[in-house]
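For reference, the structure is listed below as structure tokens.
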Amino acid sequence: AVLCCGEQRSDEPVWRRRCTFLTGSVTMATAGTTSPPSVPRHTNRLINEKSPYLLQHAHNPVDWYPWGQEAFDKAKKENKLIFLSVGYSTCHWCHVMEEESFKNKEIGEIMNKNFVCIKVDREERPDVDKVYMTFVQATSGGGGWPMSVWLTPDLKPFVGGTYFPPDDGVHRIGFRTVLLRIAEQWKENKDALLENSQKILEALLHRSEIRVRGQESPPPSKEVMATCFQQLSNSYDEDYGGFSESPKFPTPVNLNFLFTYWALHRTTPEGARALQMALHTLKMMAHGGIHDHIGQGFHRYSTDRHWHVPHFEKMLYDQGQLAAMYSRAFQISGDEFFADVAQDILLYVSRDLSDQAGGFYSAEDADSYPTTTSREKREGAFCVWAAEEIRAFLPDPVEGATEGTTLGDVFMHHYGVKETGNVSPMKDPHQELKGKNVLIVRCSPELTAARFGLEPGRLGALLREGRQRLSTARAQRPRPHLDTKMLAAWNGLMISGFAQAGAALAKQEYVSRAAQAAAFLRRHLFDPTSGRLLRSCYRGKDNTVEQSAVPIQGFLEDYVFVIQALFDLYEASLEQGWLEWALQLQHMQDKLFWDPKGFAYFSSEAGDPSLLLRLKDDQDGAEPTANSVTVTNLLRAACYSGHTEWVEKAGQVLAAFSERLQKIPIALPEMARATAVFHHTLKQVVICGDPQGEDTKEMLRCVHSVFSPNKVLMLADGDGAGFLYRQLPFLASLERKDRKATAYLCSNFACSLPVTSPQELRGMLCP
């Protein structure tokens, strides 16, 4: 079986099948790209775009158009079908299909003659991607990228799929044949195709509707949480952690749910199991090959149940969410191991995914040239090692170890390196990793030390030295392609990662980095005149930040993840300006996306005639769905503003998804978690004190050191003219006791008795 780029989002439960499998003998060219000629033979309209993915296809012989009116008008005027191809720049199988089909002159001629061809970067236009992915999944039972869909001139889909090999094989029809057959059908059976496409659209409209039924109220939190816990527990891999056999995705939403479940059931066996499942999964991932032991950060997913052989691309959204999860694991367990992993992720992002203006880039590719003279890219080439390379870089004898032991021996034993390579041929169908090793921690430090007669305390320094040398060696290799597009939503997730890590690990530099990125968003991805977010901006030629000629407006997920980030940043920095902006954005989100009839938020705005459906996502995947996160955002917004209508809206979102939450909450673990936050009511932890006072800082450190899923933190600094005091008049009645920093726990604007010691405050936060 060949694994497709995309995650599966089909009718089949998401936790069972995460990916499209293309079975059969798919004949494949190597995934690499040959060195481009100095003068390209072809140039199409994509040369004028900013998206790195679209620019990758600017020299195909295909007459590509970007998504837009020019392409739509041409299709109508010439009465041609549209071929829509959707992917993203770090998608391995997108590269393969380009190499085999879109660079093929003969296939390009067939495409240009019969179709208006449109290329879409799914990360730029998630709205377009979701509409047609809904169609592909409904009609084929699977989905993924590259996504290939044929549309009528009025944009209605009638045939779709994912990756097609160029030529017919034993089990699979080739792309050339599909193109010719569809062109023939359009000539012979145009009316039938048009009628069929209309029926398909009506069925999709009906099928994709998520709305409140009658007087439905939010589902019962206790039952939703219990069912979600049970479903996760049943799919949990006891040995290696995670929630499927293979492929395995990090899915931070599952871990976030389990941490909240534990916090609400600390003294029960189920609570203990929830915590054990989350911590064991995080440990196994950190030891696995999905974790880049040399260059830091995490790859996108593992192709096996051991977290060993990954798909090597690195996505910003994973780094942001995982930094938050490892910080939370440290906060709960006190185990420095988790703090170290969080810092490892943030080091990678600061070094490799950061723009000098403060924003964060989207992703690093899986494929790269093995050497500077290679003419073909290979997946994982930047990250894998031959045993002889490691021996050559680490030849030093180790003092105090068994005679003859070299640093290479110790390193190879600890990281599971084999002379013939440690990747199973089953996980390497195109032999790109033959003879290579993906580093994976195979032994505990104690066992590795014992194997070579070393003092256990010495091993850490030896392994560190080995990693450092390999890092220096790896820096000589050609780097994978970097997608320097900067997206508001993903930057939001990364700001949350830095802010939460800064608070939990007491690292001010992380909070400062989060603030720098939030200032970047405000400067480059926000229009102060309209009060609206923009979706994306780009690194320009001289490292300047550029915007496309017609900027893409922000989608629901941009608002939701940025608002969440601003709340996290306020709690970490206590700068009220972030709070004020978050509440402004929440009002704008309500205006642009709220469904007053069926409740909850649409993913995209009304008024775009090229979008056939306004959808509401109903599944937490690699990223949480926006409606899931917005529930907690609304509750936090109400706490900081006193606007109780936001609490009502949070309940209405839960009511709209009630049926799904009660039947398969495992599909929405972040929203299931939010039902508990809604049910238990958020507690306002108010610290009255001088922000610079040592006693105030001590109380804040106490709050940050405790994981409590249903708290919001605010500082009452005595400035009656400040934003918070204007929003929440009750703060004026809270005073410092004995002139010390004083904490109050408030709920529904009624407050507990004051406490002045961190110990008492801790007791209140962990009842």
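The values are calculated or read from the model by the stated rules, or taken from the named source; none is laboratory data. The shown structure was predicted, so the numbers you read here are calculated from the model rather than taken from an experiment. Virtual Cβ from ideal backbone geometry, glycine too; neighbours counted across all protein chains shown. We work out accessible area using only protein heavy atoms, side chains counted, and drop any ligands, DNA or RNA first. Shrake-Rupley method; radii C 1.70, N 1.55, O 1.52, S 1.80 Å.
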- Of the residues that sit in region 714-727 and are touching a Phe, Trp or Tyr at 6+ places or on another chain (Cβ under 8 Å) and at pLDDT 95 or above, which one is surrounded by the fewest Cβ atoms within 10 Å (Cβ to Cβ)? Q727
- Query: Looking at (1) among the charged types (D, E, K, R); (2) within 21 Å of S530 (Cα to Cα); (3) surrounded by fewer than 24 Cβ atoms within 10 Å (Cβ to Cβ), which is the only condition R614 fails?
  - Reply: (2)
- Confirm whether V116 is under 20 Å from D617 (Cβ atoms), out of contact with any Gly (no Cβ under 8 Å at 6 or more places or on another chain) and of a type outside the set (K, R). no
- Do we find a residue being open to solvent by less than 10 Å² (accessible area, probe 1.4 Å), small (G, A, S) and over 25 Å from S496 (Cα atoms) anywhere in region 619-639? no
- Look at region 436-492 and say how many of its residues are over 30 Å from C94 (Cβ atoms) and in a loop (DSSP other than H, G, I, E, B). 8
- Filter result for I110 (open to solvent by 20 Å² or more (accessible area, probe 1.4 Å), in contact (Cβ under 8 Å) with a residue 60 or more places away in the chain and either touching a helix residue (DSSP H, G or I) at 6+ places or on another chain (Cβ under 7 Å) or assigned to a helix (DSSP H, G or I) (or both)): yes
- Query: When you scan region 39-70, how many residues do you find that are buried (at least 20 other Cβ atoms within 10 Å of the Cβ), in contact with a strand residue (DSSP E or B) (Cβ under 7 Å, 6 or more places away or on another chain) and in a helix (DSSP H, G or I)?
  - Reply: 4
- Checking L521, L569 in turn, the sole residue that is within 26 Å of Y53 (Cβ to Cβ) and either open to solvent by 20 Å² or more (accessible area, probe 1.4 Å) or outside any strand (DSSP E or B) (or both) turns out to be L521
- In region 589-605, the residues that are within 30 Å of F72 (Cα to Cα) and either touching a residue at least 12 places away in the same chain (Cβ under 8 Å) or surrounded by 17 or more Cβ atoms within 10 Å (Cβ to Cβ) (or both): Q589, L592, F593, W594, D595, Y601, F602, S603, S604, E605
- Task: Being open to solvent by 20 Å² or more (accessible area, probe 1.4 Å), closer than 19 Å to F360 by Cβ and either in contact with a Gly (Cβ under 7 Å, 6 or more places away or on another chain) or among the charged types (D, E, K, R) (or both) is the filter here, so list the residues in region 535-544 that pass it.
- Result: R539
- Note on the structure: Per the filter on region 443-464, residues buried (at least 16 other Cβ atoms within 10 Å of the Cβ) and either more than 20 Å from A286 (Cβ to Cβ) or charged (D, E, K, R) (or both) are R451, F452, L454, R458
- Item | Among residues of region 344-354, those that are surrounded by fewer than 19 Cβ atoms within 10 Å (Cβ to Cβ) and assigned to a helix (DSSP H, G or I), counted | 4
- Task: Name every residue in region 275-293 that is more than 20 Å from H92 (Cβ to Cβ) and open to solvent by 10 Å² or more (accessible area, probe 1.4 Å), in order of residue number.
- Result: L275, Q276, L279, H280, K283, M284, H287, H293
- Message: Take L574 and tell me if it is surrounded by fewer than 21 Cβ atoms within 10 Å (Cβ to Cβ), modelled with pLDDT of 95 or more and in contact with a helix residue (DSSP H, G or I) (Cβ under 8 Å, 6 or more places away or on another chain).
- Response: yes
- Which residues, taken from region 343-365, are within 16 Å of the chain's Cα centre (by Cα) and either of a type in the set (A, V, I, L, M) or modelled with pLDDT under 95 (or both)? I345, L346, V349, L353, A363
- Boolean, L439 is open to solvent by less than 50 Å² (accessible area, probe 1.4 Å) and within 35 Å of the chain's Cα centre (by Cα): yes
- Message: Being open to solvent by 20 Å² or more (accessible area, probe 1.4 Å), assigned to a loop (DSSP other than H, G, I, E, B) and at negative phi is the filter here; which residues of region 423-435 pass it?
- Response: V423, S424, P429, H430, E432, K434
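If you check E735 against the conditions, is it in contact (Cβ under 8 Å) with a residue 24 or more places away in the chain and either surrounded by 12 or more Cβ atoms within 10 Å (Cβ to Cβ) or more than 18 Å from S641 (Cβ to Cβ) (or both)?
So E735 passes the test.
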- Query: How many residues does region 231-274 contain that are part of a helix (DSSP H, G or I) and either open to solvent by less than 30 Å² (accessible area, probe 1.4 Å) or free of Cβ contacts under 8 Å to residues at least 24 places away in the same chain (or both)?
  - Reply: 19
- Query: Is there a residue in region 190-200 that is hydrophobic (A, V, I, L, M, F, W, C), in contact with a Leu (Cβ under 9 Å, 6 or more places away or on another chain) and farther than 30 Å from T281 by Cα?
  - Reply: yes
- Task: Go through (1) under 25 Å from R207 (Cα atoms); (2) without any contact (Cβ under 8 Å) to a residue 24 or more places away in the chain; (3) among the β-branched types (V, I, T) and name the single condition T644 misses.
- Result: (1)
- Task: Of the numbered conditions (1) touching a strand residue (DSSP E or B) at 6+ places or on another chain (Cβ under 6 Å); (2) assigned to a loop (DSSP other than H, G, I, E, B); (3) touching a residue at least 60 places away in the same chain (Cβ under 8 Å), L155 fails exactly one; give the number of that condition.
- Result: (1)
- Message: If I filter region 299-343 down to residues being surrounded by fewer than 24 Cβ atoms within 10 Å (Cβ to Cβ) and of a type in the set (D, E), which single residue comes out as nearest to N422 (Cα to Cα)?
- Response: D304
- Select from region 355-407 the residues that are surrounded by fewer than 18 Cβ atoms within 10 Å (Cβ to Cβ), free of Cβ contacts under 8 Å to residues at least 60 places away in the same chain and outside any loop (DSSP other than H, G, I, E, B) and list them in ascending order. E388, R391, A392, P397, T406
- Item | Failed criterion for P480 (all others in (1) surrounded by fewer than 19 Cβ atoms within 10 Å (Cβ to Cβ); (2) touching a residue at least 12 places away in the same chain (Cβ under 8 Å); (3) out of contact with any Gly (no Cβ under 8 Å at 6 or more places or on another chain) hold) | (1)
- Note on the structure: Restricting attention to region 59-88, the residues that are among the polar types (S, T, N, Q) and either in contact with a Lys or Arg (Cβ under 6 Å, 6 or more places away or on another chain) or within 20 Å of F164 (Cα to Cα) (or both) number exactly 2
